[in-house]
Amino acid sequence: MNWGHWYVITAVLLGGGAGSAVRYLALQLPISSYVATILVNLLASFLLGIITATESRFKRPLFIGLGVGFCGGLSTMSTFGYDVVRLFHDSVALLLMYMSISIIGGLSLAFIGYFIGRRLNRGDD
């Protein structure tokens, strides 16, 4: 048995639990669930960009625990999909705005996070 896998699995479980808890708390805020979902997904994209760019600063289990675990637990593709279906039936205009903010914003913040992470990581190579 490779004990290294257990460290990674434990890191993913802990990170995923923490990310999911933060997402749950965000959904308890007195804002629309659509807005809360957008915010957690954008935050997860931004953080994953930073984490990816600074990978060399982390031991492997921590890197995977933060990226796959925390960011994966924080973000929510299933709720995004559910919201898209609901908005499709309610308002096509809101649907297009929701999808645009989520997709363009998520990709933009992932790149911004990555470039910030690269700046933070300068001098390590």
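Rule-based calculations on the coordinates, nothing more; no lab input. What you see is a predicted model, and the numbers here were worked out from it, not measured in a lab. Neighbour counts are summed over all protein chains in view; Cβ atoms, including those assigned to glycine, are modelled from backbone coordinates with ideal geometry.
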Requested in this report: Would you kindly compute the Cα radius of gyration of the stretch 1-65 and its largest Cα-Cα separation (Dmax), both in Å?
Outcome: 14.4, 47
Query - Inter-label distance, nm, simple model (7 Å from Cα along the C-beta direction), residue 57/residue 78 - result: 3.2 nm
Query - Estimated distance in nm for a label pair at residue 118 and residue 3, the labels positioned 7 Å out from Cα along Cα-to-Cβ - result: 3.9 nm
Query raised in the report: At q = 0.10, 0.13, 0.14, 0.22 Å⁻¹, what log₁₀ I(q)/I(0) does a Debye calculation on the Cα points of the chain give, no solvent, two decimals?
Result: -0.37, -0.59, -0.66, -1.19
Report task. Determine the relative contact order of the chain: mean sequence separation of Cα pairs under 8 Å and six or more apart, normalised by residue count, in whole percent. Result -> 40 percent
Report task. Given the options 25, 42, 109, state which has the largest fluctuation in a GNM of the chain using a 10 Å cut-off (strictly under) for Cα springs. Result -> 25
